[in-house]
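The values are calculated or read from the model by the stated rules, or taken from the named source; none is laboratory data. Note that the coordinates shown come from a computational prediction; the quantities given were computed from them, not determined experimentally. A quick note on method: Cβ atoms are made from the backbone with ideal geometry, for glycine too, and the neighbour counts reach across all protein chains shown. In case anyone asks, the SASA skips ligands and DNA or RNA and just uses the protein heavy atoms, side chains included. Shrake-Rupley method; radii C 1.70, N 1.55, O 1.52, S 1.80 Å.
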Amino acid sequence: VQLQASGGGLVQTGSSLSLSCVASGATFKIIHIGWYRQDPGKQREFVARVSGDSDRSTLYSDSVKGRFTVSGDNAMNTVHLQMNNLKPEDTAVYYCWARTRDRAYWGQGTLVTVSS
């Protein structure tokens, strides 16, 4: 599975931004697809994910719940992250992530910077 992320950039506090990720390869194996982020000097942390079940269930970290929305297409080939009411603490490199039964896959990071 290969993951290609896009979006990101520099925005002001309170602004919105959208990230997208396109998966290719053995996408039929994907169970979950979503996003992690990493601030320099900190551990990579989970942000949000959507599952490939019939409900397309979602999961969010407490820090983004209510502000971010993750969505994926039926084929689990793409995942979007709509980020609203951005805060300076959301500044990080955001990584697209996909999970199969065997392993996790990572895309290249895209930088999101929120200025105060």
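Worth pointing out:
- Boolean, residue 79 is β-branched (Val, Ile, Thr), crowded, with 17+ Cβ neighbours inside 10 Å and in contact with a helix residue (DSSP H, G or I) (Cβ under 8 Å, 6 or more places away or on another chain): no
- Residue tally, condition farther than 11 Å from residue 3 by Cβ and loosely packed, with under 15 Cβ neighbours inside 10 Å, over the stretch 101-112: 4
- Members of the stretch 52-68 that are at pLDDT 95 or above and not charged (D, E, K, R): 58, 59, 60, 61, 63, 64, 66, 68
- Every listed requirement among (1) part of a strand (DSSP E or B); (2) open to solvent by 60 Å² or more (accessible area, probe 1.4 Å) is met by residue 74 save one, (1).
- Residue check for residue 98: among the aliphatic types (A, V, I, L, M), without any contact (Cβ under 8 Å) to a residue 40 or more places away in the chain, within 18 Å of residue 19 (Cα to Cα) and open to solvent by less than 30 Å² (accessible area, probe 1.4 Å): no
- Residue within the stretch 91-113 that is basic (Lys, Arg) and over 23 Å from residue 27 (Cβ atoms) present: no
- The stretch 18-49, residues that are open to solvent by less than 30 Å² (accessible area, probe 1.4 Å), closer than 14 Å to residue 110 by Cβ and either part of a loop (DSSP other than H, G, I, E, B) or among the hydrophobic types (A, V, I, L, M, F, W, C) (or both): 19, 21, 35, 47
- Residues in the stretch 55-65 that are open to solvent by 70 Å² or more (accessible area, probe 1.4 Å) and touching a strand residue (DSSP E or B) at 6+ places or on another chain (Cβ under 8 Å): 59 only.
- Taken together, 107, 7 contain a single residue that is in contact with a Leu (Cβ under 8 Å, 6 or more places away or on another chain), touching a residue at least 40 places away in the same chain (Cβ under 8 Å) and at positive phi, which is 7.
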